[in-house]
Amino acid sequence: MIPRRQDKRLEAVIFDVDGTLVDSERDGHRVAFNLAFQAAGLLDRWDVPTYGKLLEITGGERRLTYWFERRGRSMDEARERAAELHKKKTEIMRGLVIQGRIPPRPGARRLVADVRASGAQVHVATTGTRAWVEPLLHQVFGRTFQVVVTGTEVRELKPNPAVYRAVIEHAACDPARTVAVEDSLNGLRAATGAGLRCVVASNVYTREQDFAGAALTADGLDDPALVAWFSRRLPFAESGPRRAVAKRA
Ligand code: XBP
Ligand code: MG
């Protein structure tokens, strides 16, 4: 008998960080970029809508390079400025993390705990910089995640699938039994480009994006449709974790 796809229980879940596990963009990264501009004596500032558009460019340093080029600086000068500024921004972001200023998205802690309790692995694939990602994950989720690959380790950032490929390789998980959780089109492309299914939990910045190709599109990690999707696919779903998850659906 050919097993149906839904009979294949999940072996691993790979989470994106920014905009997925935590609400980090508008009141976290954006604020840190603006403080870095200020510290460098620059007049550039990113308001909420401007930052929303700039999010199409993943990776803080690339985002800054793009910004400086668009403001008329040469490519070399833009890169140099961006590298300098991004160091400062990373230091500031780390400070915001340590002060507890970056909150989890509603439902994030619960979903991660349910996945772990089911026996499936939990990993992270982010374009963010390790210097702030590590303290953030530790502070908000404890020592939960098994493999964490960040933008510091991979050359090509999302939508390139490199970060997902690296997680799959390090975790030695079967892509057919692994799902990614993302908030953006760039993230969806990266995950599917690595051969993974991807569940999208959109947010205010990404809600209007076209998520064709996603296994599911939900409004958040506490969306009943998303909770039910996982409850049907986590291992040992007939016992504890499923009942706990399904009750909330
Ligand atoms: C998130 C990003 C990150 C952050 C900034 O993309 O692009 O770069 O915005 O962090 P995703 P850094 O959620 O798709 O991984 O400044 O550390 O790069
Ligand atoms: Mg994201």
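Laboratory data are not the source of any read-out in this text; all were calculated from the coordinates shown. Given the structure is predicted, the values throughout are model-derived calculations rather than measurements. All Cβ positions, glycine included, derive from the backbone under ideal geometry; neighbour counts span all protein chains shown.
A few notes on this one:
- Nearest-ten-degree value, helix 75-98 long axis tilted from longest Cα axis of the chain: 60
- FRET efficiency estimate (nearest 0.05) - Cβ-Cβ, Ala117 to Ala228, R0 22 angstrom: 0.85
- Estimated FRET transfer efficiency (Arg155, Val48; beta-carbon r; R0 30 Å; 0.05): 0.50
- All Cα pairs of the chain, percent lying beyond 27 Å: 35
- Rel. contact order, % - alpha carbon contacts under 8 angstrom, at least six apart, the stretch 25-98: 38
- In terms of its C-alpha gyration tensor, the stretch 65-197 comes out oblate, because a/c is 1.5 or above while a/b does not outweigh b/c.
- Residue-averaged 222 nm ellipticity for the chain, from DSSP H runs of 4+ at -39500 (n - 2.57), nearest 500: -14000 deg cm²/dmol
- Computing Rg and the Kirkwood Rh from the Cα coordinates of the stretch 25-98 gives a ratio, Rg/Rh, of 0.93.
- Between Gln139 and Ala83, the simple label model (points 7 Å from Cα in the Cβ direction) yields a spacing of 2.8 nm.
- Relative contact order (percent, whole number), the chain, Cα cutoff 8 Å, 6+ residue spacing: 24
- Sum of side-chain charges, Gly95 neighbourhood, beta-carbon under 12 Å (Lys, Arg +1; Asp, Glu -1): +3
- When only Cα pairs below 8 angstrom with a gap of at least 6 residues are kept, the stretch 1-146 shows a relative contact order of 35 percent.
- In the chain, excluding the sites themselves, the longest stretch lacking any of the GluC sites (Glu not before Pro) that are in a DSSP loop with at most 15 other Cβ atoms within 10 Å is 57-152.
- Helix 108-118 and the longest principal axis of the Cα set of the chain meet at an angle near 40°.
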